[in-house]
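K.L.:
I have a structure here, written as structure tokens, and I will follow up with some questions on it.
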Amino acid sequence: MRPPFGLTAGLCRIYGLALLKSLEGQVAFYDWDSTNQFIFIPELNEELVNKIYKHPNEAGVRYFDISEIQSHLLDNLAQATLGDAKNDAAILNIAKHIVGIVHKLPAWVKKTSGESFTGDKGNGLTKQARDFRNKVIAANDPYKLILDDLPAVFGFKKDDPTLEDKLGNYLKTAIEDLSAQHDILLSGFKQIIVQMLGEDFNQTLKERCDFVEKIAKRPNVKELAKRISQHIVGKTKFEFIINLAAGTPERNWTDKHLRNGLDELQNLCVQFRRIESFGNIQTQGNSKPLAFITTDTEGNHQEFGGFIKHNLEQDKDVTAAVDHIQTTIATMSKEKQLAALTSLLTNLMEQSESEVADD
């Protein structure tokens, strides 16, 4: 800014930013966050640029000399993450790529304890993937993240002779596991709707939703029908349906919200079918209610209910199953036949309390 050049402050900032961009791959950027420590961030963004100009004490820039990096290990990691062999700026590129992947995950995936919401324990987040995610989120040194933290997360020591060959595969698996969690969650919630409403996401279900939306008095059931209908025609994301069931927008999802959301979605689907069944008797709707009453071993009253499509009794699979069951129990006494069928029905139908529908 001094003579003979006399550059203005604005030009100095532009040249300074250009220098940082030209060194990208050898320069790491850090942001002073709410934890009162510098956190490594994957790339120079607008927020950090503003801090560099206005609050330089809250921004950090560090140059790395990569001439003595453990080359073969980086080759494996570069192949697993970038899909290509390393270049001269491998360690920072790998770190930026990994941090970028994790920071772009849906908010709830970055917080989840890893439990499965689909009923299949194999769909939960593995401990290694969870530990990997936590290390990456807390990373403040790309060298330490790549050469120390990642081997430790996957149970390797730095002098382990198998480290170079296996670490890349473990890392790739963890990234794939994390990246799949959101789709697995959506599939689990979708399966609840398909099972409870007895229909795929198609035009028939849309028409049923439109019917329920018109006649339902309960706000959440009406809104569920509306959101499913809009999702079928591509107007809204499926996440909006989960927002309704979980009672909070996607950015605030937690394991507790999603767990409660699964239960609430099932409850809303039961109400949906009840309203559908009794809403328009003249047209018979699309659902037919079923119910029976019995007692438990202690003599307590039990009521079970469910829904099926109209005229499903004429379905070929249904008639074949009826014939098979009748043949199987034909030699039994009538009382035993009833006991067998009651046992089947109690396992298939939902136990409920007596109530008067207000829709």
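None of the figures in this text is laboratory data; all of them are computed from the coordinates on show. Bear in mind that the values here come from a model prediction, so they are computed numbers and not experimental data. Cβ coordinates were reconstructed from backbone atoms using ideal geometry, including for glycine residues, and neighbour counts include every protein chain displayed.
K.L.:
Which lysines does K237 reach when only Cα atoms under 16 Å apart count, and residues fewer than 8 places away in its own chain are ignored?
P.N.:
Here the lysines satisfying the reach criterion relative to K237 are K190, K206, K226.
K.L.:
Can you tell me which of 46-57, 201-212, 317-328 comes out highest on packing, and rank the rest after it, using the mean Cβ neighbours within 10 Å?
P.N.:
Numbers: 46-57: 12.6, 201-212: 17.2, 317-328: 10.6.
Answer by packing, highest mean first, reads 201-212, 46-57, 317-328.
K.L.:
K157: which lysines have alpha carbons under 27 Å from its alpha carbon, excluding same-chain residues fewer than 8 sequence positions away?
P.N.:
Answer for K157, where 27 Å is the Cα cut-off: K86, K96, K110, K127, K135, K144, K166, K172, listed by chain and number.
K.L.:
With θ taken as phi - 60° and the coefficients 6.51, -1.76 and 1.60, list the Karplus ³J(HN,Hα) couplings across region 235-252 in order, rounded to whole Hz; mark glycine and proline as x.
P.N.:
So the Karplus estimates, Gly and Pro as x, are 8, 9, 6, 5, 4, 5, 5, 5, 4, 5, 5, 7, x, 7, x, 3, 5, 9 Hz.
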